[in-house]
Amino acid sequence: MVSRRLQIFAITLMLFFCCRTLAQVKGNLVDDKGHFVNAHGAGVLYHNGTYYLFGEIKKGETWLVQGQQWEDYRVPAGGVSCYSSKDLKHWKYEGVALAPTKGDTSKDIDTSRVIERPKVIYNAKTKEYVMWMHVDKKDYSYSQSGVAISYKPAGPYRYLRSVKPNGNMARDMTVFQDDDGKAYLIYSSEQNKTMQVCLLSDDYLAPTKTFSRILIDRNREAPALFKSGGKYYLITSSCTGWSPNAATYAVADSPLGPYKEYGNPCQGPGAETTFEAQSTFVLPLKGKPGNFIFMADRWNKLDLPKSDYLWLPLKVDDGKVTVDGY
């Protein structure tokens, strides 16, 4: 009994120090060359013992798109970067995973366009790494999901096409891969008034006709979907442009829903603005059920390349989600 108690204490202590280290990621991440990590709206692929971080490359001058009803600040689309790590603390720059085109405004991934929220999953059947992302025109009038593939986790990725899933607009998005190998595309739709969840084809390269409308008339974006204890949890933000707001979470028995929405998972000073950040991804900690990393962006709308990051411990306890800002 004593030995068992000591073992539990040791595990608890390890988790405590792990969470303390992760909670300190408030600001800029630095890679192995001493450069700031440039990977915004990020997602993480865990594969063969390595974490691969993918995100938007933001560089160049920030400008305001005229004629919008919200503060539509933009920089030239820089493509998608990739970083790798064994411990989530030390990051190696792997290079540009998906390079933009230049000088052809008709191309989905031209620097004149928008490339946002890239997420990568691995298809064990096809042996391909599949990247989904939101692609758009600078005024958000295009609203489609783009897909690219690679045979190496860090890339380079080859861009294939973009689609409106089942004819619906798709903006802020994420991708979720379930334990049974099925994958789902989750995205803001219908002028951001609803979200949709769409089952992907077996090769993960196309939407199927199996989809659901969720969070109807809730005006949510920045989705981050994860699974714990057989339940599916979806964290989203409200639609306030680049300005932060309070997150909420919703719970379902299936990725397709229906979802029941709950309140703000954040607790502590600054919880009402998600600690000045916006959700992008929730990463499960391997071997630690119920323990996750809540990943978010702290946008600097007037100088987008100076936007930084917020990573905090997230826990699920008896169905309740908590992001601890303390």
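Within the set of other residues whose C-beta is less than 13 Å from the C-beta of residue 173, count the net charge using Lys and Arg as +1 and Asp and Glu as -1.
0
Run the numbers on segment 140-205 and let me know its relative contact order in percent, using alpha-carbon pairs under 8 Å that are six or more apart.
Relative contact order, segment 140-205: 23 percent.
What is the Cα centroid distance between segment 48-96 and segment 215-262, reported in whole angstrom?
Using only Cα atoms, the two centres lie 23 Å from each other.
Among 104, 180, 202, what is the fewest-to-most ranking by other Cβ atoms within 10 Å?
Listing 104, 180, 202 from fewest to most nearby Cβ atoms yields 180, 104, 202.
List residues of segment 167-181, by number, whose backbone nitrogen lies under 15 Å from a label position 7 Å along Cα→C-beta of residue 213.
The answer is 167-170.
Specify which labelled value, from (1) 19.5, 59; (2) 18.9, 69; (3) 21.8, 70, agrees with Rg and Dmax of the Cα atoms in Å derived from the coordinates of the model shown.
(2)
Expressed in nm to one decimal, what extension gain is obtained for the pair residue 35 and residue 324 from 0.36 nm per residue of sequence separation less their Cα-Cα distance?
Numbers: separation 289, 0.36 × 289 = 104.04 nm, distance 2.82 nm.
So the extension gain works out to 101.2 nm.
Once you list every other residue whose beta carbon is under 12 Å from the beta carbon of residue 216, what net charge do they have if Lys and Arg are +1 and Asp and Glu are -1? Could the numbers behind the result be given before it?
Values: positive: 193, 213, 218, 220; negative: 190, 217, 261.
Charge balance in the 12 Å sphere: +1.
What distance in nm separates the two pseudo spin-label positions at residue 206 and residue 151, each 7 Å out from Cα along the beta-carbon direction?
Reported label-point gap for residue 206 and residue 151 is 2.3 nm.
All of the numbers you see were taken from the coordinates with simple rules; none came from a lab. On a predicted model such as this, the values are computed, not experimentally measured, just so you know. Ideal geometry is used to build each Cβ from the backbone, glycine not excepted, and the neighbour counts take in all protein chains shown.
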